[in-house]
Amino acid sequence: MIQINKISLSIDLDDTLSCFNEHWISIYNQKSGDNISIDKITDWTLTQFVLPEWEDKIFSREIVYSKDFFLNVPIKEDAVDFMKWACEKYDVSIVSASYFETVPDKAKWIIKHFPFFDIRNFIPCYYKYKIGADIMIDDGVHNFNRFEGKKYLIDRPWNKKFKEYDNIRYNKLTDISKCMDNLLYFG
Ligand SMILES: [Mg+2]
């Protein structure tokens, strides 16, 4: 069903609805014997936080592109509640910058966790402003470039240094839904 009467919402997948970075860190620590933690990932470039011999192996078949990696990424604890709420009120798209080989497993993950979501609105897209949504929720501040709509930033260690976004920074998805509810009711 085309939901042309609803406000459109673009929500990110990795590290917004899912715990992508926690997952690769867990596998990386197991395989490498290293012991990095999520709070140490203070930048978008992940390779700088791993042992030198692993820099070329994170985004390879060793870890991120290993079989079933994306199928097994943990879900954020409030993601189902948020998505049920959002799909009732908004025209929701899950928009994810994705290497093409990962798209089928990302789609399977979405269907598994959000069976009520119309999977046709899963959109692999690198430059997310192109979707032209009214609202964007993301953990990557670079995705807000050239985006004209309302922005909500999910607080994560790698975006904390971007203080200019502190006024749109939220710890939890359900904090965002409360804020969006207020917008709907009070303009
Ligand atoms: Mg993300």
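The values are calculated or read from the model by the stated rules, or taken from the named source; none is laboratory data. In this text, all values refer to a predicted model and were calculated from it rather than measured experimentally. Here the Cβ is made from the backbone with ideal geometry for all residues, glycine too, and neighbour counts use every protein chain on show.
Numbers for the structure displayed
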quantity	calculated
Residues that are closer than 23 Å to GLY132 by Cα, surrounded by 12 or more Cβ atoms within 10 Å (Cβ to Cβ) and not basic (Lys, Arg), drawn from the stretch 160-182	TYR165, ILE168, TYR170, LEU173, ILE176, SER177, CYS179, MET180, ASP181
Candidates PHE144, PHE122, filtered to the one that is closer than 27 Å to LYS40 by Cα and under 14 Å from the mean Cα position of the chain (by Cα)	PHE144
Residue within the stretch 44-59 that is within 17 Å of CYS19 (Cβ to Cβ) and exposed (fewer than 14 other Cβ atoms within 10 Å of the Cβ) present	yes
The listed residue being surrounded by fewer than 17 Cβ atoms within 10 Å (Cβ to Cβ), farther than 16 Å from HIS113 by Cα, away from the ligand (no atom under 15 Å from the Cβ) and in the same structural domain as TYR129 (by TED's automatic domain parsing), out of LYS89, LYS40, LYS84, LYS67	LYS89
Qualifying residue in the stretch 6-23 (condition: modelled with pLDDT of 95 or more, farther than 30 Å from ASP134 by Cβ and more than 16 Å from the ligand (Cβ to nearest atom))	no
Filtered residues of the stretch 1-40 (kept if in contact with an Asp or Glu (Cβ under 9 Å, 6 or more places away or on another chain) and hydroxyl-bearing (Ser, Thr, Tyr))	SER8, SER10, THR16, TYR28, SER32
Identity of the residue in the stretch 82-126, in contact with a Phe, Trp or Tyr (Cβ under 6 Å, 6 or more places away or on another chain) and not in a helix (DSSP H, G or I), that ends up farthest from THR16 (Cα to Cα)	ALA97
Any hit, the stretch 108-123, residues being among the polar types (S, T, N, Q) and away from the ligand (no atom under 15 Å from the Cβ)	yes
Any chance ARG169 is of a type outside the set (Asp, Glu) and within 16 Å of the ligand (Cβ to nearest atom)	yes
